1. Taking the criterion of being modelled with pLDDT under 75, in the same structural domain as A:Thr170 (by TED's automatic domain parsing) and not in a loop (DSSP other than H, G, I, E, B), would at least one residue in region A:233-246 satisfy it?
2. Can A:Lys223 be described as more than 14 Å from every other protein chain (Cβ to nearest Cβ), touching a residue at least 12 places away in the same chain (Cβ under 8 Å) and surrounded by fewer than 14 Cβ atoms within 10 Å (Cβ to Cβ)?
3. Do we have A:Lys55 as under 26 Å from A:Ile114 (Cα atoms) and either touching a Gly at 6+ places or on another chain (Cβ under 7 Å) or within 14 Å of chain B (Cβ to nearest Cβ) (or both) here?
4. In the set B:Leu14, B:Leu21, B:Leu60, B:Leu53, which member is at pLDDT 60 or above and more than 9 Å from every other protein chain (Cβ to nearest Cβ)?
5. Within region A:15-33, can you find the residues that are β-branched (Val, Ile, Thr) and more than 24 Å from A:Ala199 (Cα to Cα)?
6. On the given criteria, is A:Gly160 loosely packed, with under 13 Cβ neighbours inside 10 Å, of a type in the set (Gly, Ala, Ser) and either at pLDDT below 75 or in the same structural domain as A:Pro49 (by TED's automatic domain parsing) (or both)?
7. Give the residue that is nearest to A:Met46 (Cα to Cα), with candidates limited to residues of region A:15-28 that are under 22 Å from the mean Cα position of the chain (by Cα) and among the aliphatic types (A, V, I, L, M).
Amino acid sequence: MPTNHLVICTATVVSTPALDEKGMYAFWADSTIVSGQNTDTYHLLMHAPITNDDKRIAALMEKYQVDKRFLFQGKFLFDDDGNPILREENGNPYATYDIVLNSANYLGIVQADIPDTFNCIFAMTITQDPEMRVTPSGTYLYQMSGVVNRSVKDDTDPSGWKNFPLWIRTTVWGEKNAETLVNKGFKKGMLVWLEGTPAPDKDKTGFIKPWEGDIKEKDTDGKDTGKTHKGWRTSFDVWANAFSIRMLNKGGGGSHSSGEFDPIPF
Amino acid sequence: MGKTYVINQPDAALPEQIQQLAVKSNELWTDYIEAAGIGASDDTKTELHKKALSATVDYLQAAFVFNLSPERWYQHQDAIEQSRFNSTLRNGG
């Protein structure tokens, strides 16, 4: 499934690399992020780009030892419905995230006493005009919503593609940051680079949330039929800095115009 | 920067040059993370953060990451890893 994002994070290895069900070498790693008084630990299954080569596999095993910390870079791996791969532990949902690393061997070891970081970069189409608000306590914030258009080739769709949008809600805190972004004039329809960290996960259900929404149905010509059906979608709340949002394209998101996506429905 | 961006472009091969951009991106993120770890000033951290982000955006734009499926991404990375691994062996690393 094509994606347009990148994940950069530090994490501690918690299991020895082993062959997974997809034939990739994979290992578990935990990344613990502290935001104010909130602490969230993300359980990540890292898929290393290694095939059947004994020397490389040996190097992988030697490098990724339990309790060592690394900087990782890769892409989220989603299921066929475009959602995070859900797992259970003792019968309870277990928030995990699969990441295909962009390299197995040249990422660095990170010192144990350095706080973890978890940064995600998206090419996102803005779906509503952003707004600056002031909370009752006088805190300024700038909010932007958009969608990362993830598509998969689908011969049954007239366009040849099937969309799996990942909805993004971004909050930037602080008066100076908010005013900086207002002055940049971001508007609905623009395509931006957005880099952010997961917002504190207050309900502890994970930072990428699958939810059931209305999916527009199209006719054989690719036009809306006016009908909808229920389907799974995914949303992601991030906190960003003023410099973390950059213009990519004023005209919209490439082959998919912003008009194809409704504003984020919550 | 200043490039034309194409969304949903057919999968493109990832040459070694693009991987060099990825390595550069990683190095700058490491600098930023390490600066945070040693208690660098907010200004220093922000500057390093900006540099890392710029390098990563350059990498993403060069790599046409838009349309690489995880499977294709995996294949590319595996081939590049093989090349890097062999090079490291030749160089005695």
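The values are calculated or read from the model by the stated rules, or taken from the named source; none is laboratory data. All values reported here derive from a predicted model rather than from experimental measurement. All Cβ positions, even for glycine, are placed from backbone atoms using ideal geometry, and neighbour counts span all protein chains on display.
1. no
2. On the way: more than 14 Å from every other protein chain (Cβ to nearest Cβ): yes; touching a residue at least 12 places away in the same chain (Cβ under 8 Å): no; surrounded by fewer than 14 Cβ atoms within 10 Å (Cβ to Cβ): yes.
So A:Lys223 does not fit the description; no.
3. Here the answer is no, as A:Lys55 does not meet what is asked.
4. Result of the check over B:Leu14, B:Leu21, B:Leu60, B:Leu53: B:Leu21.
5. Going residue by residue through region A:15-33, those that are β-branched (Val, Ile, Thr) are A:16, A:32-33.
Result: A:Thr16, single match.
6. Details: loosely packed, with under 13 Cβ neighbours inside 10 Å: yes; of a type in the set (Gly, Ala, Ser): yes; either at pLDDT below 75 or in the same structural domain as A:Pro49 (by TED's automatic domain parsing) (or both): yes.
Considered against the rule, which asks whether it is loosely packed, with under 13 Cβ neighbours inside 10 Å, of a type in the set (Gly, Ala, Ser) and either at pLDDT below 75 or in the same structural domain as A:Pro49 (by TED's automatic domain parsing) (or both), A:Gly160 comes out as yes.
7. My answer is A:Ala26.
One line per residue, one yes/no per condition, for (1) surrounded by fewer than 19 Cβ atoms within 10 Å (Cβ to Cβ); (2) within 11 Å of another protein chain (Cβ to nearest Cβ); (3) at pLDDT below 75:
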{"residue": "A:Leu107", "(1), (2), (3)": "no, yes, yes"}
{"residue": "A:Gln111", "(1), (2), (3)": "yes, yes, yes"}
{"residue": "A:Thr117", "(1), (2), (3)": "no, yes, no"}
{"residue": "A:Met124", "(1), (2), (3)": "no, no, no"}
{"residue": "A:Gln128", "(1), (2), (3)": "yes, no, no"}
{"residue": "A:Thr135", "(1), (2), (3)": "yes, no, no"}
